[in-house]
Amino acid sequence: MASRYDLSKDELVAWLGNEPRYRATQIWEGLYQQFAEPADISALPKTLRARVQEELPSSLSLVTERVSDGGDTSKFLWELEGGARIETVLMLYPDRVTVCVSTQAGCAMACGFCATGQAGFTRHLSVGEIVEQVVVAARRGREMGRRVGNIVFMGMGEPLANEPNVHAAVERLHDDIGISARHLTVSTVGVVPGIHRLAQWAEPVNLAVSLHAANDQLRDDLVPINKRYPIGMLMDACADYLDARGRRLSFEWALIDSVNDRRQDAVELAELCHDLPLPAHVNLIPLNSTPGYPTRGTPPEGVARFRDELLRMGVNVTVRANRGNDIDAACGQLAAGQPVEVRTAITSKRVPS
Ligand code: SAH
């Protein structure tokens, strides 16, 4: 059965059959503007409300909602049709509200330091499953008197491994909910063909690349997809994106103690940033703990030192504030309750430089 956020507007018209066409518009507005349950779309006659409610189900069943940061971070655990589980994080800031959405149940990219990667891949999410995460988070935000304005595709999964559905979801968020492209950010581990496709989307979204290492030897180890799409190819794709879009590109860098936080790492990273047609912005984040990766994040003094080295080399850099660590909602901690193998040996060794 199709879920209500999977149908395109034309499919909804077809589904409505003999109903007048304006009913489709009313339902569409109810779903995408009011974030309403069909039963609550007051413009519709009661019988039609009931039919939509029953025949076009929601695709997300809430398992748990956990709250942290004094109510400013909420993590939703959803069960999907077929039993797969995913998570969504809602983050309230003084000046904005951001939703972090999942694009796959699990992930096939196998980055050892990421809880989603440790758990492996289950399946792609449909368009409706992606869009509905935003809708329910926006509904919750509204209950708290806030408007969701930013979406980051940084939850579970690799967005550009599910590029057709992610793009269709971006179109809905942009065209139907009305979120502007500069408030949408797609994060990728570096799926090069997907970056080239994204560069051609009609919506000029922001791109974040999870870099974490600036030489192939270390990156092969931390981010296995690097063996297929090494740094040279990845930088060409980033340049293609910047040439096509002129939008902000950021490099995500999870600082791992004694693995990628040395001066030489900063030097190599600065070179990559400066070699692009527009300078990339670096987001530093100390590695969050996950059950399957024993190495710890760089301590605060090391983070400040790494940041200062980049600043001295003229790189734009921000240390990202961490959210929701205590409820496993922070970057790299989303596992949707999947058990992962707990490793005790250090798996990533520093490559001698
Ligand atoms: N697969 C996409 C989308 C996930 S975004 C991507 O990799 O970009 C999640 C971000 O958190 C990525 O930048 C990822 O590298 C980072 N991350 C993963 N594990 C982490 C950890 N343990 N601590 C901090 N950041 C982590």
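Just so it is clear, none of the values below were taken in a lab; they were calculated from the coordinates. Because the structure is a prediction, the values reported are computed rather than measured. Ideal geometry is used to build each Cβ from the backbone, glycine not excepted, and the neighbour counts take in all protein chains shown.
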Volume of the Cα convex hull of the stretch 188-253, divided per residue and given in Å³ | 65 Å³
Between the modelled labels at Gln26 and Ala321 (7 Å from Cα along Cα→Cβ) the distance in nm is 4.3 nm
Most mobile of Ile327, Ile151, Ile195 in a GNM of the chain (Cα contacts under 10 Å) | Ile327
Across all Cα atoms of the chain, Rg and the largest Cα-Cα distance (Dmax), in Å, are 20.9, 70
Give or take rounding to whole Å, what are the principal axis extents of the alpha carbon atoms in the stretch 184-343, in descending order?
-> 41, 37, 28
For the stretch 63-327, whose charge dipole is built from +1 on Lys and Arg Cβ atoms and -1 on Asp and Glu Cβ atoms, the candidate among Gln133, Asn288, Thr188 with its Cα farthest towards the positive end is Gln133
Whole Å is fine, so just give me how far the alpha carbon centre of the stretch 225-246 lies from that of the stretch 60-109.
-> 29 Å
Any idea what the alpha-carbon Rg over 2.2 N^0.38 Å comes to for the stretch 9-55?
-> 1.00
The chain: antiparallel DSSP beta bridges as a percent of all, rounded to 5 | 50 percent
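For the stretch 84-136, just run the numbers: alpha carbon Rg, then divide by 2.2 N^0.38 Å, N being how many residues it has. Please report the intermediate quantities before stating the final value.
Working: Rg = 12.7 Å, N = 53, 2.2 N^0.38 = 9.9 Å.
Against the empirical 2.2 N^0.38 Å value, I get 1.27 for the stretch 84-136.
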